[in-house]
Amino acid sequence: MQEHHSARQIQALTEKFRDLWLEHYVEPQQQPLLTYEEPAQIAERFFREQPPQEGIGIDAALDLFRDQILPASVKTWHPSFFNQMSGGASLPAVLAESLAAMLNGTTSTYEASPAATVVERTVTRWMAGLLGLPSGSGGIFVPGGSLGNLFGLIVARNNRLPGQVQREGLLNQKQKPVILCSDAAHYSVANAANMMGLGANQLVKVATNHRNEMCVADLADRLAACDRENQLPIAIVVTLGSTVTGGFDPLPAIAELCRPRNIHIHVDAAFGGSIALTDAGPKRLQGIELADTVTWDAHKWLHAPLACSVLLAPDVSLLKRTFQARDAEYLFHHPDDPASLTEDLGHYTPLCGKPFNALGLWILFHALGESGIRHHAQTRLDLTRAAYTRLTANPHFETAYEPVSPVLCFRFVPQGTAALDDRVLDTLQQKIREVIRREGRALFNIAKIKGRTYFRFILVNDLTTEPHLEALFTHIEKVGLLLLPSLVPQEVG
C-alpha cells in the first residue's frame, strides 16, 4: 500500500539521505573499499526464509540499510575500485535514478511517458551522432549491453534468414544459420545464440591476436569453411572494446569481407563506444558507419547509472520490423507515425515494462555538458597510458599488451624470477589479488590472456589519480614479495 508522507516526514528522510551521502560519498578514500567478511557470514546475516510480518517504517528501514547493507557492500565509487567496467557513481547519476523511479512510468507508450519518450529519442540520436553513425540514426534504450547484443542479433536473424522467421521460426532452413564472433567475444553472444534457437554451437569463433582483437585472415578462412559446410553466416559480432583487454576488432577489414555476403554487422561497443569522446575515437571507431546495429553502454566509461545501454541502428525501421507489438490495442493508442518523435517506443523493443533509463544520461549531459563528458573520457584514457608507461619501466611487472582503452592487464614477475613455472606465477597473481581484496584496500580483477593469469584494471573511475595507482603498484610489489617464498621456497634465496 502506498503511504502518504507529510512535508515534515519527507524533509526528515531527505536529511537522512544527505547524511548518508556526506558520510560515505564526499571522501570515500577515508573508508575501506570493502570490509571483508566470509561468504558464510554474509549469508547468515542477510538470508531469511520469510519476509518481515510487521513493518518498522521507512526511517528504521533506512537505518537497516545504513547499518547493515552499506557496510557489507563494495563501494564502487572508491578511487581504488577497478573491478568492473561500471566503476564509480557520479552524483548526477545517483539523483537521476531516484527521479526516474519517482516517475515510474513505462517508456513503452507515449501516453504513460510523454516527456520520457521524446527524451529517449533525443538521447539515442545524440549517441548515434557522437559515435559517428550516419545522419538519421537512432535506437532504443535496453537493460544492459547483454540484451543489446541479443536484440541486435535477433534483428539479424529475422532480416537475414530466408522465409518468414517471425511467424514460422527456424524450420525448413536449407542452410544451417551461424553467427561469427571472435574467440574473445563477450559471453552474452553465446547466450544470445542459445536464446535465439540457434544454439551456442552455431557460433563460429575467429582467432584473435595478443590484445584479443579479431584476426582478419582467420575470418576469411572461417567464411570459406562456412561455404564448404553449407552454413549461412547471418551475423558477425565485431567487438570494439573487448571485455578482458579493451581491444578493438578491425571493423573496416571485417566489413570488407562481410558486406558483400549480406552478413549483418553487429558491433558490440558496450565499453569501447565511449572512446568516441576521446582523441583516439577517429582511429578506433573507423568504419562504424558500416554497422547495421551497435550496442553502447553509457554506464561504463561515461558514469551513467546502471543500466544505461542503447541499441543503435542507422536504419531504425529494422528494429520496428523486428519487434513491433501486435495484438496489443489495449496498450498502444498513439498514432503509428514513424516520422514522429512521439511514436510509442514499445514498437521498437520487446520490452513492455521499460524504465526511463535515458534520464541518467540526459541529466549528465545537461549537468556537465558534452565538453565535461569528453574531458572525463579523455582523462581516463590518459591515466591508463600513464599507468602503462610506469609499469613498463618497472622490472617487477610485465604488461600483456599496450592498452588502447582504459583496460590495463599486467602481472607481477619479480626481477630474477622470470624462469619460474608459469603455473606458480599464475597462482602468485591470484593470491596477491585475494590478499588485497580482503584488506579492503582495492578491488581489481584477474583474467586469463592466452593461457596466462594477469591482473585486470578497469580505469574508468573518475576519482582515481596517478598517486592512487602508484601506491597500489607499490603495495602489490610488497605483498607479492612476501607471498613468493611460500610458493617456491626452494627456488628463492
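The values are calculated or read from the model by the stated rules, or taken from the named source; none is laboratory data. If you're wondering where the values come from, they're calculated on a predicted model, not measured in any experiment. Please note: Cβ atoms are built from the backbone with ideal geometry, for glycine as well, and neighbour counts cover all protein chains shown. Heavy atoms of the whole protein, side chains included, go into the accessibility calculation; ligands, DNA and RNA do not. Shrake-Rupley method; radii C 1.70, N 1.55, O 1.52, S 1.80 Å.
Quick notes on this one:
- The condition (being of a type in the set (A, V, I, L, M), over 21 Å from residue 153 (Cβ atoms) and open to solvent by less than 10 Å² (accessible area, probe 1.4 Å)) is satisfied by just one residue among 254, 275: 275.
- Across region 51-71, the qualifying residues are those that are surrounded by 13 or more Cβ atoms within 10 Å (Cβ to Cβ) and more than 29 Å from the chain's Cα centre (by Cα), and the one among them that is modelled with the lowest pLDDT is 58.
- Here the condition is being under 30 Å from residue 252 (Cα atoms), in contact (Cβ under 8 Å) with a residue 12 or more places away in the chain and either open to solvent by less than 20 Å² (accessible area, probe 1.4 Å) or among the basic types (Lys, Arg) (or both); of 147, 133, it holds for 133 alone.
- The lone criterion from (1) open to solvent by less than 70 Å² (accessible area, probe 1.4 Å); (2) over 25 Å from residue 212 (Cα atoms); (3) among the β-branched types (Val, Ile, Thr) left unmet by residue 474 is number (1).
- For region 450-465, the set of residues classified as open to solvent by 10 Å² or more (accessible area, probe 1.4 Å) and either within 24 Å of residue 208 (Cα to Cα) or not β-branched (Val, Ile, Thr) (or both) consists of 450, 451, 452, 454, 456, 462, 463, listed by residue number.
- Test: residue 304 is at negative phi, within 18 Å of the chain's Cα centre (by Cα) and touching a residue at least 40 places away in the same chain (Cβ under 8 Å): yes
- Residues within region 237-271 that are farther than 21 Å from residue 283 by Cα and either charged (D, E, K, R) or not in a loop (DSSP other than H, G, I, E, B) (or both), tallied: 3
- Residues in region 10-50 that are farther than 30 Å from residue 442 by Cβ and open to solvent by less than 90 Å² (accessible area, probe 1.4 Å): 10, 12, 13, 14, 15.
- Looking only at region 353-390, residues that are open to solvent by 20 Å² or more (accessible area, probe 1.4 Å), within 24 Å of residue 130 (Cα to Cα) and in contact with a strand residue (DSSP E or B) (Cβ under 9 Å, 6 or more places away or on another chain) come to 3 in all.
- Pair list, Cβ under 8 Å, 6 or more apart: region 56-73 residue touching a residue at least 12 places away in the same chain (Cβ under 8 Å) and of a type in the set (A, V, I, L, M, F, W, C), other residue open to solvent by 70 Å² or more (accessible area, probe 1.4 Å) and not in a helix (DSSP H, G or I): 58/3; 72/35
- Taken over region 90-130, the criterion of being open to solvent by 20 Å² or more (accessible area, probe 1.4 Å), over 30 Å from residue 464 (Cα atoms) and either among the hydroxyl-bearing types (Ser, Thr, Tyr) or touching a helix residue (DSSP H, G or I) at 6+ places or on another chain (Cβ under 8 Å) (or both) is satisfied by 103, 105, 106, 110, 119, 121, 122.
- Single condition residue 263 does not satisfy, out of (1) within 19 Å of residue 157 (Cβ to Cβ); (2) open to solvent by 10 Å² or more (accessible area, probe 1.4 Å): (2)
- Restricting region 307-333 to residues that are part of a loop (DSSP other than H, G, I, E, B) and surrounded by fewer than 17 Cβ atoms within 10 Å (Cβ to Cβ), the residue that is modelled with the lowest pLDDT: 330
- Selected residue [in contact (Cβ under 8 Å) with a residue 12 or more places away in the chain, surrounded by fewer than 22 Cβ atoms within 10 Å (Cβ to Cβ) and touching a helix residue (DSSP H, G or I) at 6+ places or on another chain (Cβ under 6 Å)] from 170, 203, 153: 203
- Taking the listed residues 407, 424, the one that is out of contact with any Pro (no Cβ under 6 Å at 6 or more places or on another chain) and under 24 Å from residue 246 (Cβ atoms) is 407, with no other qualifying.
- Between 68, 84, the distinction of being part of a helix (DSSP H, G or I) and among the polar types (S, T, N, Q) belongs to 68 only.
- Hits in region 391-445 - residues which are within 18 Å of residue 461 (Cβ to Cβ), among the hydrophobic types (A, V, I, L, M, F, W, C) and open to solvent by 10 Å² or more (accessible area, probe 1.4 Å): 443
- Check on residue 79, at pLDDT 85 or above and open to solvent by 30 Å² or more (accessible area, probe 1.4 Å): no
- Scope region 90-115; condition more than 23 Å from the chain's Cα centre (by Cα) and part of a helix (DSSP H, G or I); matching residues: 102, 103, 114, 115
- When residues in region 173-200 are screened for being surrounded by fewer than 15 Cβ atoms within 10 Å (Cβ to Cβ), aliphatic (A, V, I, L, M) and either in contact (Cβ under 8 Å) with a residue 40 or more places away in the chain or closer than 21 Å to residue 322 by Cβ (or both), 1 of them pass.
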